[in-house]
Amino acid sequence: MAAPHEPRADDPVGHGAHTGAPCMTAAVHVLTHPLVQHKLTLLRRKDLSTSSFRRLMHEISMLMAYEVTRDMPTQLIEIETPLETMRSPVIDGKKTVFVVIMRAGSGFLDGMLEVVPGARVGHVGLYRDPRTLVAVEYYFKMPHGMPERDAIVLDPMLATGNSAVAAVERLKATRPRSIRLVCLLAAPEGLRHFHAHHPDVPVYTAAVDRQLDEHGYIVPGLGDAGDRLFGTK
Ligand code: URA
């Protein structure tokens with residue numbers, strides 16, 4: 001039997017519930033590292049306290065930052081070791097901008113900043129219209145100089161994909177050098193929808209779950225990430 005976080009064999013990762021269109025493409029990176037998978041399993045459990053949920057989100061986001069920054073450009077600088085001078089690679093953290101989709105995206109931020117402390121942070125405020133599930137924008141603020149920056153969008157739950165599609169559309173208007181999206185969980189429907197609009201934006205996720213339910217929640221999922229992070233339910 002498939003592990004609970006994997007799509008079922010009759011609803012394969014590569015296809016999804018409602019169409020034959022593939023959701024798994026070269027632009028989808030599932031982070032299969034055992035530490036990521038272990039922490040995700042803990043996060044899914046419904047009896048986890050708010051403080052433990054927050055701590056695990058922090059830990060998993062540090063691990064995911066490691067993967068999403070894997071091909072970040074480096075430059076050689078001259079340094080002195082205790083023995084001699086050498087040229088050695090560094091990343092320019094200031095060129096990175098973490099783009100938080102409020103509010104659950106902020107749960108990902110601290111861990112990412114711990115790994116890339118020089119990064120800048122942008123915010124996109126969107127709410128899901130409960131009737132239509134369409135994303136409506138109420139806030140948008142990015143650092144200046146976006147054309148020199150690599151944007152990493154933080155949105156823990158890629159469910160319908162509406163928020164991520166809208167956020168990335170707005171972000172593209174600022175012309176960042178590159179864009180990638182990090183989520184904790186994705187639904188096949190969300191991946192298909194997102195890549196139908198933004199095939200050029202790679203998605204990094206810890207798992208692709210089975211499907212969305214009738215309320216737009218990812219199942220099996222982990223519930224409402226914002227409520228679980230902030231203890232608002
Ligand atoms: N947002 C969440 O927090 N959880 C879901 O399952 C879907 C959207």
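Bear in mind these aren't lab numbers, they're just calculated from the coordinates by the rules spelled out. A quick note: this is a predicted structure, and the numbers were derived from the prediction, not measured. FYI the Cβ positions are ideal-geometry reconstructions off the backbone, even for glycines, and counts take in every protein chain you see.
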Compute the FRET efficiency between Arg55 and Tyr127 as 1/(1 + (r/R0)^6), taking r as their Cβ-Cβ distance and R0 = 35 Å, and round to the nearest 0.05.
0.85
Karplus-derived HN-Hα couplings along the range 207-221 (A = 6.51, B = -1.76, C = 1.60, θ = phi - 60°), whole Hz, x at Gly and Pro:
6, 10, 7, 5, 5, 9, 8, 6, 9, x, 8, 7, 10, x, x
Under the Debye formula (equal points on every Cα, no solvent term), log10 I(q)/I(0) of the chain at q = 0.08, 0.13, 0.16, 0.18 Å⁻¹
-0.30, -0.75, -1.12, -1.41
Lysine pairs in the chain 8 or more apart or on different chains: how many have alpha carbons under 21 angstrom apart?
6
Longest principal axis of the chain (C-alpha) makes with the long axis of helix 188-197 (C-alpha) an angle, in degrees to the nearest 10, of 60
So what J values fall out for the range 114-129 if you push phi through Karplus, 6.51 cos²θ - 1.76 cosθ + 1.60 with θ = phi - 60°, rounded to Hz, Gly and Pro as x?
5, 7, 10, x, x, 5, 8, 10, x, 10, 10, x, 9, 10, 8, 4
Taking Cα atoms only, helix 34-44 is inclined relative to the longest principal axis of the chain by an angle, in degrees rounded to 10, of 40
Computed from the mean reciprocal separation of all distinct C-alpha pairs, what Kirkwood hydrodynamic radius does the range 56-130 have, in Å?
14.2
Report, in deg cm²/dmol and to the nearest 500, the calculated mean residue ellipticity at 222 nm for the chain, where each DSSP H run with n ≥ 4 adds -39500 (n - 2.57) and the sum is divided by the residue count.
-8500 deg cm²/dmol
Based on the Cα gyration tensor of the range 102-233, what are the three equivalent ellipsoid semi-axes, each the root of five times an eigenvalue, rounded to whole Å and given largest first?
23, 17, 14
